Amino acid sequence: MPHSSFCIVRGPARTYVRRGPRSLLLRPCCYRLGEGDCFCSFDPNISVHTDNPDLTPCFQNTILAWIPSIYLWAVLPFYLLYLKHYKRGYIVLSMLSRFKTILGVLLWCVCWADLFFSFHELLQSRTPPPVYFVTPLIVGITMVLATVLIQYERLRGIQSSGVLIIFWFLSVLCAVGPFRSKIIAATAQGQIKDRFRFTTFFSYFALILIELILSCFKENPPFFSPVNSDPNPCPELNSGFLSKMTFWWFTRMAILGYKRPLEDKDLWSLNKDDTSSIIVQQLHKEWDKQKDEWKHAESPPLVVWEPKGPTKEVLIRDKRQHKEPSFLKALLRTFGPYFLIGSFYKLIQDLSTISSRRTEAGLFWNVDAPSWWGFLIAALMFFSAVLQTIILHQHFQYCFVTGMRLRTGIIGMIYRKSLVITNSAKRSSTVGEIVNLMSVDAQRFMDLVTFLNMLWSAPLQICLALYFLWQTLGPSVLAGVAVMILLIPLNAAIAIKTRAFQVEQMRYKDSRIKLMNEILSGIKVLKLYAWEPSFQEKVLEIRKNELRVLKKAAYLNSLSIFAWISAPFLVALTTFAVYVSVDENNILDAEKAFVSLSLFNILRFPLNMLPQVISNLAQTSVSLKRIQQFLSHDELDPNCVETKVVTPGYAITVTNGTFSWAKELKPSLKDINLLVPSGSLVAVVGHVGCGKSSLVSALLGEMEKLEGHVAVKGSVAYVPQQAWIQNATLKDNILFGQQHNEQKYQNVLEACALKTDLEVLPGGDHTEIGEKGINLSGGQRQRVSIARAVFSDADVYLLDDPLSAVDSHVAKHIFDNVIGPEGALKGKTRMLVTHGITFLPQVDHIVVLVDGKISEMGSYQELLKQNGAFAEFLRNYAPDEDIEEDELTSTADEEVLLAEDTLSNHTDLADNEPVTNEVRKQFLRQISVISSEGECPKKMSTRRRVCEKKSAEPPQPQKILTDKLIQAETSETGTVKLTVFWQYMKAVGLVTSLVICFLYACQNAAAIGANVWLSDWTNEPVINGTQRNTSMRVGVYAALGLLQGLLVLISSFILAMGGINAARTLHAALLENKFHTPQSFFDTTPTGRIINRFSKDIYVIDEVIPHTILMFLGTFFTSVSTMLVIISSTPLFAVVIIPLAIIYFFVQRFYVATSRQLKRLESVSRSPIYSHFSETITGASVIRAYGRENSFVCLSDLKVDENQKSYFPSIVSNRWLGVRIELIGNFVVLFAALFAVLGKNSLNAGLVGLSVSYALQVTMSLNWMVRMTSDLESNIVAVERVKEYSETETEAPWIIEDTRPPEDWPTQGEVEFVDYSVRYRKGMDLVLKDLSLRVKGGEKIGIVGRTGAGKSSMTLCLFRILEAVKGEIKIDGVRISEIGLHDLRSKITIIPQDPVLFSGTLKMNLDPFNKYSEDEIWKALELSHLKRFVSSKPNTLEYECSEGGENLSVGQRQLVCLARALLRKTRILVLDEATAAIDLETDDLIQMTIRTQFEDCTVLTIAHRLNTIMDYTRVLVLDKGTIAEFDTPSSLIASRGVFYGMAKDAGLA
């Protein structure tokens, strides 16, 4: 028990303490508590002014003994509150816990033994002082409390108690003084006076020491805690208090990351509180509350009647009427409390920083002071620094985790919202912009939160620093303050301007990414039309503006850096200058100068951060607005389609329905009245753009219902016009989240004619399908989409023209086996939008739409009898029904034919998509499996034989997927190669790089010079209380400081220019390469991955790398100059530097290796979030139709969590590093101070000041240096990634000057294939084999064949999208392989199957190079039947097409492509089933146009609708890449070969 063993001699009112031989007079000692005497005394003579300090006994017995107890009782209420909410099960009683409890009880016994001993003395009539009763009582009760706490914590599942560790530590610390006093007293007196208390004290000391050691160990994990099924849980949860404080629990990963590059499996699972499911749920709840409050506030004004007097009404309006629901409030309520814990740490850290700076002043005290003062101050500085380090990093940890949670929450909210926003809202923000909300704006929140506490902390630090400065230098400080205040508007102006530039630059960046996105989606079309230069020009134009803004921002940035470096110096300069000139008795000595300097340095951080935080705040508020606006968009009304109550007997009812795509647009469908009986098949027909697809959307609830009532009974399956395919396996696409049922699944595959496709795909139904279904042909995608619908087994089927994308015989098969009266869906309600007349006689009802109204309804026969427009239309287009012929065909025969059709299907896997699918993926490995097996000796004999041979084989086993379709994005591992730095340096310019380094060295030399000059100045002798030469001193000091500022300005300026140059060259090279890359690259690389290079990586090169290099150079030179200064002033320090440097090096290597790999993993796991998101947005209507929103939300959450899993350790790695590096920094401070104390006789105060003030700065620069090294290594990866995509292989040159064909080539339009063979990529089978044929100029050739016979491949070869393996193609005798690609492609015209439009005006879409006059364009529009549509728009040719031409119907887009062809009017025209999405009437008009306008041209048509080519010169029938038949249509039908079979299927023969 702490008490004293001094002999106390009482005088009248004084107490003498006899200590050994001499007697000291103490102030009246207060053992007579309660007699009005002083409470407790502290005697400077005993404790300070002596070589052997000690504390007075009463101080030891009271204050010192009570400190731990006061602490424990003070934190108790808060701690109990915390424990009440802490639920983790209880911990089984362990040996550790038993020991701690027993020791606690023993401590209590020891304390009370003291108490009873005092009572015993009282009985012996020796009156002990009251303190001997009070202290043991207090301490004893506190020990009981501590013991109870040990057990209570165990029951609440606390494994390691911070509160108690601090309590035991304080107890030991406060007992060390008495412990020393007792030993000194005992040795001085040679005997022990108060044996009992002496014994109890030492027992007490031993026990608390053991308790402290034991409390550092942690208990076992709690029992009954929620079962943690994680294979790799985060160790933070079960780590001890000390481990948490120093982030020791991370060390294992740091070591692992150093040994080998980290992988996904090494990452810990997220803590439960950091997972999406919990965070987004909380945020959603708060946001819903906000919306509800807002709705109440928005309620109509109250009408208040006053009964008295004449009745008058008063309108009370709520003031908040126009406010939107506040997303900020929702965020604060969700994340505020956790964040405030971090703020609390920050407060403690700020207070301790300033107070420790006061401590240093002690180092400059008089030389006569006892040495122990110096050591004590050095130790205090060290301990307070360690404490600050620990507290600061706890604060950062809380801030960063809050930031991480914010990002998770915001992404989750945006994702959930995007599934329910209306179509008009979706139009107001493109996919790119919404993805930006997720990536850029969510990131802004993360960045802000880190430094948000500076908003209050900076003013606090500034006030405290100024207060201490006033104490040191008096009113002169005001001069410095004035300079600061003047600098604030400068900084603010810079921040505001930077902000404006940033907004402008974001705008350019957005439009550049949007354009790139479109270019990459439509790259094939650009290649086919040879339009690349026009679009490249556009991108470079935007980029030029973007860099112009960046340059301005860089000028400003240099200014702000100049202000940041010079501010503290200018403040110091003015303060010192004013101080010495106001009064010549003001002497600038070392203590004043260097304490002030270190206080000025403290000022530097808040002064600089404040404007930055404010500008960040401004940026984030813009982001907040954008996010809030998006989250406040209108949502689809889930109740606009009634699903429960439907008129009995009907599955779909619409009464007086009027629908539009947005409330402000005019209705697309008017007065719709529709009753669809349950189980019936209804066809919807009409012209292009008459509202067929809109009707389907209205039934799905996707349109705004302006009036009327819609009801759809039961679940819905929806097949959109353009199939939406997920990036998943084929099987997953069909199951779409349903339970797998093998029998049903096989039946669905059979019905949708997918069986044969599976035999061709490398992995069967486990083949991974690329983004947007890229490695399937158009027909296959559509069939997968139909299969998904059939498998879902819904009640109502809405089919939006699914049959237009497949060949006519496949369409017939699907109609018969799926949709028709005998198909798989019989008995279900089906609504089929179609252009195919052949199916109409078999449907129950037909709905005819004209301009958004239903013009006629009824069965096929009824409509024919009505003799309306529909009957007229039918008579013109219906094929003559040759009934007898049909009946003759035996069904068996038909099945054989069909089986063989689909068999030779898919040899090239690309049914009709011109290129996108052809060149697809490493897919076509086993592509000729079928062709090789199917060859029979007599090629033209009946097709039946092939089929029988095939069916006799046993079914093939499931193919193992040999090659993943889209290769996972690789992330580089290991150190970044030096070549990358070298490449970046070359991009910046080598001379520039060297100049920059030189300037940095100079600026540091200037800084050291200024400080050395200052230290010399403080040593100037004082004569008659004044210093001489003050004006010269001030002048030189000013000159050196300003020189440093100027050098900073120049170097940062040159660096910024170099960075922008590098950015320009790297982007230009990347763009150039991407436009020259062959199509096959785009087919195997997801767009997201290429876009990532253009957005994220280019952003890093533009803005992050130059900034990082700037910081790196700054910190590197500062650290070096610090070491030099300390060594030169205290040479002994060199000894310590070596071990510290070695530790520093190791920590840095561990950290960099781990952190770099974590960053890489994080960036690789980031892309899937966005690609899944854009996939979801495009397929939102399908997802909603099938009711799969929840599982998609879960999938998105999973992807976000995967990403945060690598982000969380990277935050912790920074904290781990920070604590360790700052510890090294603290040792530098400790040793600098110690050596200064040791050498106090040989050093002057100025040098001591210089070395210590430099040492104090070193922590910061060491810490930042490692971080910048790591950031630089992580970010320079962007250069590596951009470089990698700038050096992919390129296609042939666009123009070869030596072999340019004449201007008017080709004059004849003669096309000749000579022994032509081609394959998609190396290592694959041939798609066309030894093709030889000759087409005369002006001939019209129809190309037909089963899906995948090589039809599209043939057209691709003409454009050299595929290059020949052998043989050649000649056009008008010119070998196309010898001329430039653009010369070739600009002379042939194609109307591709997928109509691609780019956002921009209609005119730009028709004529990007501005080659043609307006009259020519109008003529083309008239011929393509678009004139009426275009002239009805207010801005005619300047009509803005939205992204992908979304605001035109598919048919209209196809007509735009026709208009393009009419404008180019070349001698050779290729039609790739260009009319699949168009109704028959328009199709007929188009065919007429092509016949008249391209009369003298060579036309090659890939046809699905055979009626379009029956009047062609010749028909080419392809089968498995070879020519099966090639002759006039009439002779082919007469010869009854392959073509005859196809014609018969289509009802044409």
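Here are a few things to note about the model shown:
- Between Ala188, Phe217, Ser161, the Cα set farthest toward the positive side of the dipole of region 142-273 (charges on each charged residue's Cβ, about the Cα centre) is that of Ala188.
- For the chain, the Cβ-based charge dipole about the Cα centre amounts to some 6800 debye (Lys, Arg positive; Asp, Glu negative; other atoms uncharged).
- Listed candidates (i) 557; (ii) 260; (iii) 411 - label of the one calculated as volume of the Cα convex hull per residue in Å³: (ii)
- Between helix 990-1018 and the chain: long-axis angle, C-alpha atoms, 0 to 90°, nearest 10: 20 degrees
- Highest to lowest packing among 1146-1159, 1005-1018, scored as the average C-beta count within 10 Å: 1146-1159, 1005-1018
- Normalised Debye scattering of region 464-608 at q = 0.09, 0.15, 0.18 Å⁻¹ gives log10 I(q)/I(0) of -0.49, -0.80, -0.97, counting only Cα atoms as equal scatterers and leaving out solvent.
- For region 1384-1427, the square roots a ≥ b ≥ c of the C-alpha gyration tensor eigenvalues yield an a/c under 1.5, which makes the shape rounded.
- Environment charge at Arg156 (Cβ cut-off 13 Å; Lys +1, Arg +1, Asp -1, Glu -1): +2
- Helix 978-988 and the long axis of the chain differ in direction by around 80°, with both axes built from C-alpha atoms.
- Relative to the current alpha-carbon distance between Val420 and Val105, full extension at 0.36 nm per residue lengthens the span by 107.1 nm.
- Working note: Debye formula, equal point scatterers on the alpha-carbon atoms of region 724-871, no solvent; log10 I(q)/I(0) at q = 0.12 Å⁻¹ is -0.54.
- Rolling a 1.4 angstrom probe over region 1207-1335 with all protein chains present gives an accessible area of which 53% lies on carbon and sulfur atoms.
- Inter-label distance, Asp1484 to Gln151: 9.7 nm, where each label sits 7 Å from its Cα along the C-beta direction.
- Volume of the Cα convex hull of region 90-194, divided per residue and given in Å³: 119 Å³
- Taking only protein heavy atoms and a 1.4 Å probe, the accessible area of region 610-728 is 53% carbon and sulfur.
- Legend: distances between Cα atoms for Lys713/Lys772; Lys538/Lys1411; Lys666/Lys705; pairs beyond 20 Å are Lys713/Lys772.
- Charge-dipole axis of region 1154-1199 as Lys and Arg at +1 and Asp and Glu at -1 on Cβ define it, positive-most pick from Thr1154, Tyr1186, Ile1169: Thr1154
- Nearby lysines by direct alpha-carbon distance to Lys182 (threshold 21 angstrom, same-chain neighbours under 8 apart not counted): Lys193
- Surface composition of region 1050-1139: carbon and sulfur make up 77 percent of the accessible area, probe 1.4 Å.
- Cross-link reach list, lysines versus Lys329, counting only Cα pairs under 21 Å and skipping chain neighbours closer than eight places: Lys285, Lys289, Lys291, Lys295, Lys319, Lys417, Lys625
- In Å, descending, principal axis extents of the Cα set of region 157-249: 65, 25, 16
- Counting only Cβ charges, +1 for Lys and Arg and -1 for Asp and Glu, the dipole size of region 1214-1370 around its Cα centre is about 740 debye.
- Within the straight-line cut-off of under 22 Å between alpha carbons, the lysines reachable from Lys346 are Lys244, sequence neighbours fewer than 8 places apart in one chain being disregarded.
- Å² per residue, accessible surface of the chain at 1.4 Å: 42 Å²
The values are calculated or read from the model by the stated rules, or taken from the named source; none is laboratory data. What you see is a predicted model, and the numbers here were worked out from it, not measured in a lab. Neighbour counts run over all protein chains shown; Cβ positions are idealised from the backbone, glycine included. The accessibility values were calculated without ligands, DNA or RNA, using every heavy atom of the protein model including side chains. Shrake-Rupley method; radii C 1.70, N 1.55, O 1.52, S 1.80 Å.
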